[in-house]
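Accompanying notes for the structure given below.
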Amino acid sequence: MLPDQRIKYCGVTHPADVETCVRAGAWAIGAVMTPHGPRALGPEAAAAVMSAVPDGVERVGVFVDGAPDVVARAVEDCGLTRVQLHGSTDLPAVAAAACVPITMAVPLEDAAAIEAAEALDCDLVLFDAVVPGAHGGTGVRADWTLLERRRPQRRFVLAGGLTPEVVGDAVRRLRPFVLDVSSGVEGDVVGRKDAERVRAFAEAAREAAMEEAA
């Protein structure tokens, strides 16, 4: 992948899927480590997934309403290199406890949400679709027009409804620093990545990034 177009494959639930994503050029592998949604993993399963991630690829723990001690313990036990936070959380406290870069998820509700995201004290912000009661992995597409009208002045991650069929358009229109995909590269089983869709996603993103760079 081009250095300015990175892909995080999120909601990975099985170590065997890590290799598929890494072969496609994954920048990061993400696993849900709090009990929210169908892709949530317990401590042992999360550690197994992260142990399959090779050096040079980010190991990202995803937490919803994550308490600082819970996040810090997962960083230690799973060798996380980054955490991604959703919901209500004490960002400064988690940052102090975890001691790794933080990606903060922001529901892409309106221009005010983008403005607020720019003030967050974290490494990256992630814009995701607004789905009441859910925190990612829904397959619902975020409202890209908000980011087109009010482009963030900081690097951002784009999530929400990305698939091999639409990712090229997302790259051309929004030029996100990182693409975050979960359900969009799955097959019939929730949480299991489909090798062909993983490859197709990476290829479509790469082609669009090369077009933009030309």
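The values are calculated or read from the model by the stated rules, or taken from the named source; none is laboratory data. Just so we're clear, the structure is a prediction, and the values are computed from it rather than from any experiment. As a convention, Cβ positions derive from the backbone with ideal geometry for all residues, glycine included, and neighbour counts pool all protein chains shown.
Observations on the structure shown:
- Test: residue in the stretch 38-45 that is under 16 Å from CYS10 (Cα atoms), among the basic types (Lys, Arg) and in a strand (DSSP E or B): no
- Of the numbered criteria (1) at pLDDT 95 or above; (2) farther than 24 Å from ARG199 by Cα, the one GLY168 fails is (2).
- Within the stretch 171-182, being surrounded by fewer than 20 Cβ atoms within 10 Å (Cβ to Cβ) and closer than 16 Å to ALA26 by Cα holds for one residue alone: PHE177.
- Residue count, the stretch 65-84 (criterion: within 21 Å of HIS14 (Cα to Cα) and outside any helix (DSSP H, G or I)): 6
- Output for the stretch 46-64, where each listed residue is closer than 17 Å to ALA16 by Cβ, not basic (Lys, Arg) and not in a helix (DSSP H, G or I): ALA52, VAL53, PRO54, VAL57
- Residue within the stretch 151-168 that is in a strand (DSSP E or B), touching a residue at least 40 places away in the same chain (Cβ under 8 Å) and of a type in the set (A, V, I, L, M, F, W, C) present: yes
- Selection count, the stretch 1-33, where residues are assigned to a loop (DSSP other than H, G, I, E, B) and either within 15 Å of the chain's Cα centre (by Cα) or touching a residue at least 40 places away in the same chain (Cβ under 8 Å) (or both): 14
- If the condition is being surrounded by fewer than 20 Cβ atoms within 10 Å (Cβ to Cβ) and either over 17 Å from PRO38 (Cβ atoms) or out of contact with any Asp or Glu (no Cβ under 8 Å at 6 or more places or on another chain) (or both), then the stretch 192-202 contributes ALA195, GLU196, ARG197, ARG199, ALA200.
- Single condition GLY191 does not satisfy, out of (1) assigned to a loop (DSSP other than H, G, I, E, B); (2) modelled with pLDDT under 95; (3) touching a helix residue (DSSP H, G or I) at 6+ places or on another chain (Cβ under 7 Å): (3)
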